[in-house]
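Here the structure comes first, spelled out in structure tokens, and everything after it is commentary.
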Amino acid sequence: MPQPQPPLPIHPSGVVWSRVEPGFHVGSRSSEFLGYVERQTDGSYRAHDMRSQTVGDFADLRAATRAVEALEPAQPTGSAS
């Protein structure tokens, strides 16, 4: 049985990671959803942005969460001209 992952600390950038269930982590900053990371059957971690687009596959949870944290904030869609 795999060892449980230790809780992830709040990153200096203000990102908070919550483990929703084993192998599924959701990131937010200032209460805004950033994206999520899910563990794959091979033990790797797949990172997704706020629109569920795959960011990449990573060997460990820390690398996957950092990839989501590094994404540019979402820009508002549609603006009045």
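The values are calculated or read from the model by the stated rules, or taken from the named source; none is laboratory data. What you see is a predicted model; the values in this text were computed from it and never measured. Note that we place each Cβ from the backbone using ideal geometry, even for glycine, and neighbour counts take in every protein chain shown.
Remarks
- Cβ-Cβ distances below 6 Å connect the following pairs, each with a first residue in the stretch 19-31 that is within 16 Å of residue 72 (Cα to Cα), a second residue that is modelled with pLDDT of 95 or more and among the aliphatic types (A, V, I, L, M), and a separation of six or more residues or different chains: 27/34; 27/68; 28/34.
- Residue in the stretch 27-49 that is modelled with pLDDT of 95 or more, part of a strand (DSSP E or B) and loosely packed, with under 12 Cβ neighbours inside 10 Å present: no
- Close pairs (7 angstrom Cβ cut-off, 6 or more residues apart or separate chains): surrounded by fewer than 14 Cβ atoms within 10 Å (Cβ to Cβ) in the stretch 52-65, part of a strand (DSSP E or B) anywhere: 54/46; 54/48; 56/47; 60/45
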